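S.K.: Got a structure here, written out as C-alpha cells. Questions coming.
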There are 2 protein chains.
Amino acid sequence: MKATQLRLAARPVGEPKDADFDVVTFDLPALSEGEVLLRVIYLSLDPYMRGRMSAAKSYAASVEIGEVMVGGTVCEVIESRNPRFAAGELVLSYSGWQSHAVSDGRGLRKLDPGHAPISTAVGVLGMPGFTAYAGLLHIGKPKPGETVVVAAATGPVGSAVGQIAKLRGACAVGIAGGPEKCAALLDEFGFDAAVDHRSPGFDAELAAAVPDGVDVYFENVGGPVTEAVMRRLNTFARMPVCGLVSQYNLTEAPPGPDRLPGFFRQVLTKSLTVRGFIQTEFVAEHHDEFLREMSGWVRDGSVRYRQDVVAGLTNAPEAFRGLLAGRNFGKLLVRVSEDPTAAGSGEGGD
Amino acid sequence: MKATQLRLAARPVGEPKDADFDVVTFDLPALSEGEVLLRVIYLSLDPYMRGRMSAAKSYAASVEIGEVMVGGTVCEVIESRNPRFAAGELVLSYSGWQSHAVSDGRGLRKLDPGHAPISTAVGVLGMPGFTAYAGLLHIGKPKPGETVVVAAATGPVGSAVGQIAKLRGACAVGIAGGPEKCAALLDEFGFDAAVDHRSPGFDAELAAAVPDGVDVYFENVGGPVTEAVMRRLNTFARMPVCGLVSQYNLTEAPPGPDRLPGFFRQVLTKSLTVRGFIQTEFVAEHHDEFLREMSGWVRDGSVRYRQDVVAGLTNAPEAFRGLLAGRNFGKLLVRVSEDPTAAGSGEGGD
C-alpha cells in the first residue's frame, strides 16, 4: 500500500515555503508482531509546529531535516498485529504530517465517536482545549467579576478561554481579526465584547471594551495586540503565555525602540505575573478533571467550538502559513482521508 | 526651633539635579495636644524614591511639587504631647527628607537600641530586608541546591537575598560593580560566587559562575545584566521583580533592536515566571515572621549587612544620584543628626 509523508526539507527562514517540505510517496512495509497500521483521518495544525521547524532550542526537540513533520492526528486502525487494537477502531495519536503510520500501540488513545466528534480529540477536547483550561484556571485564576482578555479568540485556544472564563463568572473580551470573526465571538461563543485588532480605532475600542481594566490576559499572539492590552492591565493582573503566533516567523529582533524596559516597568509598577507554560506541565495533575469538565460542557452546549477543515495532506504547508497569518477561522484541521463517522464531508466550519 | 526640609522643586528629567530640590529652613510650630516632635537621625535613601519624583502613575502617589520628599527615617522623640511617647524614645517613621517632623503618633514604631542598631530599622530589618525576604521566599521559592542570582548584590536587598538563599540551602551568586564589591560578596556575605558586571568578560564569567543554570533571578536592576542572566535561566525559573534601578532615569524608550519579542520567546520556551511586587503586598501575612527570623539571623551573625552613611541632609540629592549610579557600597543612609546610641560617629561602612 502506498503512503505519503511530508518531510522537513529545510529550516524555514521566516514564513515556511512549500519548498521547505518534501512530499515523499513510498510502499508501506509489512507490520511486525505488536504493531498496528493507522490511516490518518485528521491532522491537527497548531502554531507550536513553527518552533519544531527551527533549530533553536525550545521546550521540545526540533524536527530534524529529512524527518516527518510532527503533529497530533486522529486515525483509524486499518490493520492490527497488536491484541489491544482491532481494525476499525479510532485512535488519537501523534503521527504527524503523513497519510499512514505504523505504531507499536504506545501513546495511542482510543476514541469513542458516540462521546464526541472524533475531530474534537485534537481540538476542544484535546491539546488546544487543555491549554486553554490549564492556563486560564491554574495560572490566570480568574475570579467572578474579573475581566479576561484573549486574542486569536475564534481559535481553538482563545474560544475555549473565553467560554471557560464565562463559566467561572468572569467577563470575557475577545480580540480577533475582522468583523466576521468578531461577530462569531459575540453570537457563537458568547463573549461579552469583541474587538477587531485590524480596526484603525483598535486601541480606543479595546479601552471601551474593558472599562474596569484587565485582570487576566491570556497571551497567545504577542506583538502590537499585547502592547495594547498591557496598557489596560490592572494591579496584580496575570498573564499566562502559551503562544506568540504573531512572532514565530520573525528572523531577527525587530527595529527599535526597545520596548523591554517599558515592559519591565509595567511588571513592577502593576505587580504583574507573567508566566510561560506548555500544557504538558499540567497533564498529570489536571487532565482527568479537564476531560470530565470539558466533555460535559461540550455535550450540554456551554462550550462551543468551530473547525476549519482543509482537505488533502499536501495542502498542509499552505494551510499552516494561513494559520500563522490568522487566515483560519476556528480550529485548523487537515482532513487527510475520509472520516468514517461524519455524515457528510463538506469543507469549512461546522 | 529651626527645621530644614528638602522639597521637590521640579520633576527631574533623567538624573535628579540639585536644582530639582528646594532647601527650606523655617521655625517649627508649637505642638498641639497629641503630637510629638521628632528629630530625624537617619534618612534612608532607596531607589523607589526616583519613581515618587515623577508624575507617571506608579504603585504609589507621586510627591507633588513643593512637598517634602518622602522616605523612611529613624528619629528621636524630642518633645511629646502624646501620652504614648516620651522624649528620648527612638522610633521608626516615614518622615522624609527633613531634619524634624511633627507627628500625631500614627505609624510610628518604637525601636529598642538594645535589640539591634537603630539604623537597621530602615535596612536589613526594615523595608529593604523585607523586600528581599518576601520576594525571595514567597515568589522566588528557592529549593535546596538551586541557583539564585541577584544583582546590586552588596546593596541592602541584594545582600539579604544572597544570604537568605544560602540559609535555605540554595547556591547564591551575586553580581556587583567592581572588584571591591565582588570581594565583599565572597568574604563578607558568603556568596558562592561573585561576578563583576563591569568586567569585559562579564557574560562568560557569569556563565562560569552558574554551571547548572539559574533557577531564581531576583531582579532589582534591569538593563544588560538582566539580559545576560536571562540567557542562563533554567526551565521553570522564577524572576521576582522588585526594582529596576538601572532604568529609573530613562526619559524614553532606548533605541532598538526591540528585545521584547525575544524576552517573550524565553518566557514561553522556558516556562518562566516573572512577577513584579512591592513588599507592602506581603506585610500582613509575612512581616511578623520576617522580623522574628531576620532578627535572629542578624543577632547570630548568619545575616550580615553593610551601611554607607553620608552626613548631612543637604547632601541627600548627591547621595541619591550615587545610589542610582551604583556608587554606594551597602545600605545608603543620610545621617541627618547625631545618633545617640552610636559609640562614635565616623562615616562609611560599619
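S.K.: Please turn the phi angles of the stretch A:278-295 into ³J(HN,Hα) values with the Karplus equation 6.51 cos²θ - 1.76 cosθ + 1.60 (θ = phi - 60°), one per residue in order, whole Hz, x for glycine and proline.
M.R.: 10, 4, 3, 4, 9, 4, 4, 8, 10, 6, 4, 4, 4, 4, 5, 5, 5, 4
S.K.: Share of antiparallel DSSP beta bridges in chain B, in percent to the nearest 5?
M.R.: 55
S.K.: Enter the Cα centre distance for the pair the stretch B:155-202 and the stretch A:225-240, rounded to the nearest angstrom.
M.R.: 33
S.K.: Separate question: Counting only Cα, what are the radius of gyration and maximum Cα-Cα distance Dmax of the protein assembly as shown, in Å?
M.R.: Looking at the protein assembly as shown, its Cα Rg and Dmax stand at 30.0, 102 Å.
S.K.: As a check on your grasp of the helix formula, calculate [θ] at 222 nm for chain B: sum -39500 (n - 2.57) over DSSP H runs of n ≥ 4, divide by the residue count, round to the nearest 500.
M.R.: -7500 deg cm²/dmol
S.K.: Evaluate the distance, in nm, between pseudo-label points positioned 7 Å from the Cα of A:ALA19 and of A:ASP187 along their respective Cα→Cβ axes.
M.R.: Here the answer is 4.3 nm between the modelled labels.
S.K.: Excluding B:VAL70 itself, what net charge comes from residues whose Cβ is under 13 Å from its Cβ, given Lys and Arg +1 and Asp and Glu -1? Don't skip to the answer; put the middle values down first.
M.R.: Numbers: positive: B:ARG7, B:ARG50, B:ARG52; negative: B:ASP46, B:GLU64, B:GLU67.
It works out to a net charge of 0.
S.K.: Whole-Hz ³J(HN,Hα) for each residue in the stretch B:298-304, computed from phi via Karplus 6.51 cos²θ - 1.76 cosθ + 1.60 with θ = phi - 60°, x for glycine and proline: what do you get?
M.R.: Listing the rounded values in order: 5, 5, 8, x, 7, 10, 9 Hz.
S.K.: What average number of partner chain Cβ atoms lie no more than 10 Å from the Cβ of the residues making up B:249-256?
M.R.: Per-residue shielding by partner chains comes out at 4.
S.K.: Let me spell out the model: positive unit charges on the Cβ of Lys and Arg, negative unit charges on the Cβ of Asp and Glu, origin at the Cα centre of chain B. What dipole size does that give, in debye rounded to 20?
M.R.: It comes to approximately 720 debye.
S.K.: Cα-based Rg of the stretch A:5-97 per 2.2 N^0.38 Å, rounded to two decimals? Show your work: numbers first, answer last.
M.R.: Working: Rg = 15.1 Å, N = 93, 2.2 N^0.38 = 12.3 Å.
Dividing the Cα Rg of the stretch A:5-97 by 2.2 N^0.38 Å gives 1.22.
S.K.: Round to a whole angstrom and tell me the spacing of the C-alpha centers of the stretch B:63-91 and the stretch A:1-46.
M.R.: Using only Cα atoms to place each centre, the spacing works out to 76 Å.
S.K.: May I pose another question? Once phi is turned into θ = phi - 60°, what whole-Hz ³J(HN,Hα) does the Karplus curve with 6.51, -1.76 and 1.60 give for every residue of the stretch B:204-217, x standing for Gly and Pro?
M.R.: Those phi angles translate into 5, 5, 5, 4, 5, 7, 10, x, 9, x, 10, 9, 10, 10 Hz.
S.K.: Okay, next question. If a/c stays under 1.5 just call it rounded; otherwise compare a/b with b/c (prolate if a/b is bigger, oblate if not). Do that for the stretch A:131-280, with a ≥ b ≥ c from the square roots of the Cα gyration tensor eigenvalues.
M.R.: Rounded, because the longest to shortest axis ratio a/c is under 1.5.
S.K.: By per-residue mean of other Cβ atoms within 10 Å, what is the highest-first order of B:94-105, B:196-207?
M.R.: B:94-105, B:196-207
S.K.: Also: When ranked by the protection proxy of mean other Cβ atoms within 10 Å per residue, highest first, what sequence do the peptides A:301-313, B:294-306, B:215-227 form?
M.R.: Result, highest mean first: B:215-227, A:301-313, B:294-306.
S.K.: A follow-up question, please. Using a 10 Å cut-off on Cβ to Cβ distances, tally the other chain neighbours for every residue of B:223-236 and report the average as a whole number.
M.R.: 1
S.K.: According to a simple spin-label model (label point 7 Å from Cα along Cα-to-Cβ), what is the distance in nm between B:ALA60 and A:ALA343?
M.R.: Result: 6.5 nm between the two label points.
S.K.: Moving to a separate point now. What distance in nm separates the simple spin-label points at A:ASP104 and A:SER199, each placed 7 Å from Cα in the Cβ direction?
M.R.: Taking the two extended label points, one gets 5.5 nm.
S.K.: Quick one: dipole size for the protein assembly as shown, taken about the Cα centre, charges +1 on Lys/Arg Cβ and -1 on Asp/Glu Cβ, in debye to the nearest 20. Kindly include the intermediate steps, with their values, before the conclusion.
M.R.: Numbers: 68 positive and 82 negative charges, 22 e Å.
It works out to roughly 100 debye.
S.K.: Let me ask you something else. Share of antiparallel DSSP beta bridges in the stretch B:127-280, in percent to the nearest 5?
M.R.: On the way: 0 of 18 bridges.
Percent antiparallel among DSSP bridges in the stretch B:127-280 is about 0.
S.K.: In peptide A:271-284, how many Cβ atoms from other protein chains are near each Cβ within 10 Å, on average?
M.R.: That works out to 5 on average.
Values in this text are rule-based calculations from the coordinates and carry no lab data. Fair warning: this is a prediction, and the values are worked out from it, not measured in the lab. Using ideal geometry, Cβ is built from the backbone for each residue, glycine included, and neighbour counts are taken over all protein chains shown.
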